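*Asks:* Below are the structure tokens for one structure; questions will follow.
The values are calculated or read from the model by the stated rules, or taken from the named source; none is laboratory data. For clarity, every value in this text was computed on a predicted model and none was experimentally measured. Don't worry about glycine lacking a Cβ; one is built from the backbone with ideal geometry, like all the others, and counts go over all protein chains shown. Each accessible area value is taken on the protein alone, full model and side chains, heavy atoms only, with ligands, DNA and RNA left out. Shrake-Rupley method; radii C 1.70, N 1.55, O 1.52, S 1.80 Å.
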Amino acid sequence: MAIVFGTRPELIKLGPVVREVERVGMEACVVNTGQHSDLLTPLLGHFQVRPKYDLATMEPGQSLNRLGARILAGVDEVLTKERPDVVLVQGDTSTALMGAMAAFNHRIPIGHVEAGLRSGNPMNPFPEEMNRQMISRMATFHFAATDNNARTLLREGVPAEQIYITGNPVVDSLRQTLVMSRPKGEMVDILNRVGQRKMVLVTTHRRENFGSTMRGHLRAIRRFATAHPEVCVVFPVHPNPNVREAAMAELAGHDGIVLTQPVGYADFVHLLSHAWLIVSDSGGIQEEVTALGKPMLVLRNNTERPEAVEAGAARLAGECPANLHQMLEAAMTDMEWFVRASHCHSVFGDGHSSRHIVDILNQRLVRAVQELRLAA
Ligand code: UDP
């Protein structure tokens, strides 16, 4: 099996799958496209994943098309050499789309982890919504996290026997990491600075929010921190210059706001588990807060994870700063929301998704080999 990833969230979700593949004795050829090497490389050690190939496709300022072309060519070479029986991709990045396309052109079956997510708007999130739709047209094994994702795929004509409801391995990583690591160093300092105050954990990095939307959100957060000294905002700032500039301009120099570098995954998970409220535009964090039973305000107009909203953990704050401010204020008194959120643990899986995915692939591949032997 070839397992292809290139960004932080892909490794967080495929790391436990790599472990499982090794556990059942299948051969894994791990391919890192290097799409976002700065955030991903430190995580390889955490997940004990050693890529056989590092395609180093990241170049500053390159267009999506150039990045896509480099990934496609790189994965093509790997597949020509390795001839895997199946190629596994995750989610909706350029790596996932180009990894799937390279496999399709080699007529190698594709397994898609986190299949069936849809925002319904091809331009938002861009280009991820179109990427995930195109991967669904090419994949053979669709690993849906939820019933809702499976129904979406069925509606689009994917045959029922190719869809497996496995949960999302993001929950496996979260649970394993919370058990296996403790907050240390810089994280202890951050937690000490927060002290007895309620921690509002903030992240924002989506390109749809760059500019006035992000500035408006951050201003609303500052206003909230000023009005409530019992609250402390912690914001690990994404390295993208658009985010850095907005964070420095809107949030620097406030006693109730801690700005940090992006924190390592294990540290981030501990921050999440200590947070009172999470405010973010991230996709993966919507799954993580739900698994932790924490409330979250999503800095987006729509979400491809409506399960988090329906279960009562997440609320959509949209783009308007006044709306965000109102929802932050509501969090101070709406205890029912916190109670509902605390009952959402299993919405995105039971923490054993990677085992479910690998067991299915193992059985299917063993069966395919037996059928070939019978036919010979
Ligand atoms: N994350 C992290 N450090 C941080 C912020 C986030 O390790 O400072 C992790 C987080 O636990 C989640 C993932 O990164 O699993 C989310 O990645 P991101 O928000 O970049 O992407 P998305 O999920 O929106 O695709």
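*Asks:* Which number do you get for Rg(Cα) / (2.2 N^0.38 Å) in segment 146-246?
*Replies:* The value comes to 1.54.
*Asks:* Please compute the alpha carbon radius of gyration of segment 158-208, then divide it by the globular-protein estimate 2.2 N^0.38 Å. Two decimals is fine.
*Replies:* Dividing the Cα radius of gyration by 2.2 N^0.38 Å gives 1.85.
*Asks:* May I pose another question? If you stretched the chain out fully between residue 330 and residue 240, how much longer would it get, using 0.36 nm times the residue separation minus the C-alpha to C-alpha distance?
*Replies:* Working: separation 90, 0.36 × 90 = 32.40 nm, distance 3.08 nm.
That pair, residue 330 and residue 240, stretches by 29.3 nm at full extension.
*Asks:* On a full-extension model of 0.36 nm per residue, what is the gain between residue 338 and residue 133, subtracting their alpha-carbon distance, rounded to one decimal in nm? Each step should come with its number before you reach the end.
*Replies:* On the way: separation 205, 0.36 × 205 = 73.80 nm, distance 3.38 nm.
Contour length minus the Cα-Cα distance gives 70.4 nm.
*Asks:* How big is the chain in terms of Cα radius of gyration and Dmax, in angstroms?
*Replies:* 20.7, 75
*Asks:* If you don't mind, another one. Using amide H atoms built in the peptide plane, which far-off residues or other-chain residues are under 5 Å from residue 29 H to H?
*Replies:* 2, 3
*Asks:* Want the number for residue 252 to residue 367: 0.36 nm per residue separation, take away the alpha-carbon distance, what's left?
*Replies:* 35.5 nm
*Asks:* Can you give me the Cα centroid spacing of segment 304-376 and segment 144-203 in angstrom?
*Replies:* Between the Cα centre of segment 304-376 and that of segment 144-203, the gap is 7 Å.
*Asks:* Which sequence of 327, 101 reflects their accessible areas, 1.4 Å probe, from the largest down?
*Replies:* 101, 327
*Asks:* Considering only protein heavy atoms and a 1.4 Å probe, what is the carbon-and-sulfur percentage of the accessible area of the chain?
*Replies:* Values: 8450 of 16080 Å².
Roughly 53 percent of what the probe reaches on the chain is carbon or sulfur.
*Asks:* More than 15 Å apart: what percent of Cα pairs in segment 48-152 qualify?
*Replies:* 63
*Asks:* Taking the chain, how many lysine pairs are there with alpha carbons less than 30 Å apart, if each pair must be eight or more places apart or span two chains?
*Replies:* Number of lysine pairs found: 9.
*Asks:* Which distance in nm do the two modelled labels at residue 198 and residue 227 give, with both placed 7 Å along the Cα-to-Cβ direction?
*Replies:* 1.2
*Asks:* Taking the Cα centre of segment 130-221 as origin and charging only Cβ (+1 Lys, Arg; -1 Asp, Glu), how large is the dipole, in debye to the nearest 20?
*Replies:* With Lys and Arg at +1 and Asp and Glu at -1, about 500 debye.
*Asks:* Please report, ordered by residue number, every helix of the chain (full DSSP H runs) that is 18 Å or longer along its axis going by C-alpha atoms and whose mean Kyte-Doolittle hydropathy reaches -1.0.
*Replies:* Counting only whole DSSP H runs, the qualifying helices are 8-23, 64-82, 212-227, 353-375.
*Asks:* Shifting gears a bit: Distance from a point 7 Å along Cα→Cβ of residue 123 to each backbone N in segment 45-77: keep the residues under 16 Å and list them by number.
*Replies:* The answer is none, because no backbone nitrogen lies closer than 16 Å to the label point.
*Asks:* Can you compute the FRET efficiency between residue 77 and residue 260 using 1/(1 + (r/R0)^6), with r the Cβ-Cβ distance and R0 = 41 Å? Round to the nearest 0.05.
*Replies:* 0.60
*Asks:* Stick to Cα atoms and the Kirkwood definition of Rh, then tell me Rg/Rh for segment 319-376.
*Replies:* 1.47
*Asks:* Something else now. When the chain is modelled as a GNM with alpha-carbon springs shorter than 10 Å, which of 45, 120, 167 fluctuates the most?
*Replies:* Its mean-square fluctuation being the largest, the pick is 45.
*Asks:* Same structure, new question: For segment 249-376, what's the radius of gyration and Dmax over Cα atoms, in angstrom?
*Replies:* Considering segment 249-376 through its Cα atoms, Rg and Dmax are 20.2, 73 Å.
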